[in-house]
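Worksheet: the structure to be examined is printed underneath.
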Amino acid sequence: MLSRKSIWFMAMAVFASAVMAVACGGEKKEEGVTPGALKGDLEIFSWWTTGGEAAGLQAMYDLYPKTCSPDVKIINATVAGGAGFNARQVLTTRMLGGDPPGSFQVHMGHELTDTWVTTGYMEPLDALFAQENWTNIFPKGVLDIVSYEGKPYSVPVNIHRANVLWYNKKVFTDNNLKPPTTFAEFFTVADALKAKGITPLAPGDNGIWASTQVMETVLIGSLGPDAYKGLWTGKTDWKSAEVTKALETFQRMLTYVNSDHSSLSWDQANDLVIKGQAAMSIMGDWLHADNVAKKFENSGWMPSPGTAGVYDALSDTFGLPKKAPNPEAVKCWLKLVGSKAGQEAFNPKKGSICARTDCDASLFDTYLQSSMQDWKKDTIVPSLAHGAAASQGWVEEINDATTAFVTDRNVSAFQGRLSQACVNAKVCKTTATR
Ligand code: GAL
């Protein structure tokens, strides 16, 4: 029998090709709302508090009265902190305490399935998917990933890309530099910037996930997509010389970062790039939405070093927890989240592309249109820091190891912990000894 992990990776592969293959259109017509049929409160739980995040969420809220009911009061329950670093703890307490929100933001993949579905906390959504004809609208790969034992358990609203290098164009032009495509170029450019007193790379890891994410992009860029995927199935040896080399590259990159990185959030760190005090950031494309919200137009982008042709993917989804208050109002929220109108309102503001295959590309700006193209042709790999590649417990163990590493920079100790984490996750069989 296939493990859930191998199913996930197979699904990701199908996912990429299915984007092209799935026919457009065919969505069932809105049946219209009976005003007043739905009433009461509807609590939506997320960590979307920054400019582009909040704007995207609000765009969907704005559609709710017309699409569902003007008599439902939406409660925007947010817990600030990128990647859900703080929100997940609050959510866990509430879910385990029998006090779920109406619906909550959760990443497609292991974060959803291992944490909430296999443990029996979510309602299956097969009836809703059938009613909305979503089995023909979402790529098959996406449907597979949100499904468990043949039933879908959450509605994907977007696709984000994690392996993007964002840079301040003016800083590069003023200093006669080209944005780096390889690690060797990165270090050459970084030395030149450092000599000019400009911080080369600006992470904001007051939530350690931001550095874990930089590491994941270095693993992809250094190992290549297949060996990177193998890290999550036990096929790639965490103790190998190739992983050592990747971690040494990450270690070297950390010598070019802002000294206050651990006190800044990802969007505060982006301000350093916007102001030209720093030159580059390796971050997901929610940063694009932050730039748009902050009206910063001098931003350039490219795949992070060594990752051209690879799309490090994640998706935000919403589901229906068992015991959710006001489940009919929640179901209408889910209907909106999965709808063409909902995704076309949300994604251009959020810096992501639609999970659906039929959104109107002309509603999206140049960056997002380029992302849509890449999504269709690139090799898809699952993001570690954003719940796609590994279970929550495994991600947390890696985050803890990364916290130690950004301070002690001890590659050998780091590699040992990463290797042990794979064993602890019951994916790698051998005991980690280096
Ligand atoms: C990711 C999430 C994105 C974005 C980002 C920063 O985990 O999927 O939608 O919000 O965190 O908060």
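Quick notes on this one:
- Sites listed here are chymotrypsin sites (Phe, Trp or Tyr not before Pro) in the range 172-214 whose DSSP assignment is loop and whose Cβ has at most 10 other Cβ atoms within 10 Å, and the list is empty.
- Between helix 366-377 and the chain: long-axis angle, C-alpha atoms, 0 to 90°, nearest 10: 90 degrees
- Overall form of the range 256-389 per C-alpha gyration tensor (a/c, 1.5; a/b vs b/c): prolate
- Approximate shape of the range 150-276 as ellipsoid semi-axes (Cα gyration tensor, √5λ), whole Å, largest first: 28, 20, 14
- Computed from the Kirkwood radius of its Cα pairs, the Stokes-Einstein diffusion coefficient for the chain at 20 °C and 1.002 mPa s stands at 98 µm²/s.
- Each residue of the range 228-319 gets 160 Å³ once the volume of the Cα convex hull is shared out per residue.
- The calculated 222 nm mean residue ellipticity attributable to helices in the chain amounts to -13500 deg cm²/dmol, summing -39500 (n - 2.57) over DSSP H runs of n ≥ 4 and dividing by all residues.
- Per DSSP, loop GluC sites (Glu not before Pro) in the range 147-221 with at most 11 further Cβ within 10 Å: GLU149
- Surface accessible to a 1.4 Å probe, per residue, for the residues of the range 34-127, Å²: 38 Å²
- Rounded to the nearest 10 degrees, the angle from helix 241-253 to the longest Cα principal axis of the chain is 90 degrees.
- Pairs from LYS66/LYS377; LYS170/LYS245; LYS275/LYS349; LYS39/LYS323; LYS169/LYS239 whose Cα-Cα separation, in the structure shown, is over 28 Å: LYS66/LYS377; LYS170/LYS245; LYS169/LYS239
- Angstrom value of the Kirkwood radius, inverse mean 1/r, which spans all Cα pairs in the range 94-200: 17.7 Å
- Heavy-atom accessible area per residue - the range 380-421, 1.4 Å, Å²: 29 Å²
- Counting protein heavy atoms only, the chain has 53 percent of its accessible area on carbon and sulfur, 1.4 angstrom probe.
- For the range 244-313, the set of trypsin sites (Lys or Arg not before Pro) satisfying both a DSSP loop assignment and a count of at most 10 other C-beta atoms within 10 Å is given as LYS295.
The values are calculated or read from the model by the stated rules, or taken from the named source; none is laboratory data. This structure is a prediction, so every number in the text was calculated from the model and none was measured. Positions of Cβ are backbone-derived with ideal geometry, glycine not excepted, and every protein chain shown enters the neighbour counts. Just so you know, the surface numbers come from the protein's heavy atoms only, side chains and all, with ligands and any DNA or RNA stripped out. Shrake-Rupley method; radii C 1.70, N 1.55, O 1.52, S 1.80 Å.
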